[in-house]
Amino acid sequence: MVHNQDSTPEEFESHELNREKLIAPGTSTGLMAGMLMVAAVFGKFLLGHHQAIRYNAAWLLATSQAAHDHTLRVQMEYEF
């Protein structure tokens, strides 16, 4: 389950899982693709004058032999 606790839409994107999904503010969604998402967090720190740091992190568990047993995925972006 993915929870967007931010006040803006967030994009969940994984090249490894070949998945991309837009998550509306304050909503939750599920994603299945050979791995089970245990927990996820998204957010954005505003730095002022059109600058921000976006972040997301997720802990994934394998649902098939083709995937790693455990995966921690973390991404940060600096917007300027």
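The values are calculated or read from the model by the stated rules, or taken from the named source; none is laboratory data. Everything quoted here is computed from the prediction, not taken from an experiment.
Any idea how many residues of segment 38-80 are polar (S, T, N, Q) and under 15 Å from the mean Cα position of the chain (by Cα)?
Final tally of qualifying residues: 3.
Conditions (1) in a strand (DSSP E or B); (2) farther than 19 Å from Pro9 by Cα; (3) at pLDDT 90 or above, marked per residue:
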site: Leu22; (1), (2), (3): yes, no, no
site: Gly26; (1), (2), (3): no, no, no
site: Val38; (1), (2), (3): yes, yes, no
site: Val41; (1), (2), (3): yes, no, no
site: Phe45; (1), (2), (3): yes, no, yes
site: Arg54; (1), (2), (3): yes, no, yes
site: Ala57; (1), (2), (3): yes, no, yes
site: Leu60; (1), (2), (3): yes, yes, no
site: Ser64; (1), (2), (3): no, yes, no
